[in-house]
Amino acid sequence: MTDAAVETTVFAQYVPLNGLKPESQRDLAKKSKIVEAKAGTYLFKAGEHAAQVIFIMSGEIQIEDNGKVGTKIAGGTSSAQ
């Protein structure tokens, strides 16, 4: 996975980030990163504590639960927000 800095303009397309005050968006951007993951990479596993919030910007993820294949979510769609 590779990381990149976050510009506040990215927040405009994601609920509830688009509702934050500009100052809050700037603070959040300093603590955020864009991560590019290779195909087959697990972002998290069922039952793990959520240490972060993930927004799918592009590409597609597959939801799995204990080996059962579930929903696919594509970046840029309402499901990814």
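The values are calculated or read from the model by the stated rules, or taken from the named source; none is laboratory data. As the structure is a prediction and not an experimental result, all values here were calculated from the model. No Cβ is skipped: glycine too gets one built from the backbone with ideal geometry, and neighbour counts run over all protein chains shown. Each accessible area value is taken on the protein alone, full model and side chains, heavy atoms only, with ligands, DNA and RNA left out. Shrake-Rupley method; radii C 1.70, N 1.55, O 1.52, S 1.80 Å.
What value, in deg cm²/dmol to 500, does the helix sum -39500 (n - 2.57) over DSSP H runs of n ≥ 4 give at 222 nm once divided by the residues of the chain?
Calculated at 222 nm, the ellipticity per residue is -3500 deg cm²/dmol.
If you count, for each residue, the other Cβ atoms within 10 Å and average over each peptide, how do 12-19, 63-70, 46-53, 23-30 line up from highest to lowest?
Per-residue mean Cβ counts within 10 Å order the peptides as 23-30, 12-19, 63-70, 46-53.
Pop out the carbon and sulfur fraction of the accessible area of the chain as a percent, whole number, probe 1.4 Å.
Of the solvent-accessible surface of the chain, carbon and sulfur hold 52 percent.
Using Cα atoms only, what is the angle between the long axis of helix 22-31 and the major principal axis of the chain, expressed in degrees (0 to 90) to the nearest 10?
50
Using a 1.4 Å probe, what is the accessible area per residue for the chain, in Å²?
So the chain comes to 81 Å² accessible per residue, rounded to a whole number.
Just subtract the alpha-carbon distance of Val10 and Ser79 from 0.36 nm times their residue separation and send over the number in nm, one decimal.
Contour length minus Cα-Cα distance gives 23.2 nm.
Could you work out how much longer the chain between Glu64 and Asp3 gets when fully extended? Use 0.36 nm per residue separation minus the Cα distance between them, nm to one decimal.
19.5 nm
With viscosity set to 1.567 mPa s and temperature to 4 °C, compute the Stokes-Einstein D of the chain, Rh being the Kirkwood radius across alpha carbon pairs; µm²/s, no decimals.
For these conditions, the coefficient is 92 µm²/s.
Can you pull the one-decimal nm distance between simple spin-label points at Glu48 and Arg26, each 7 Å off the Cα toward Cβ?
Once both label points are built, they end up 3.3 nm from each other.
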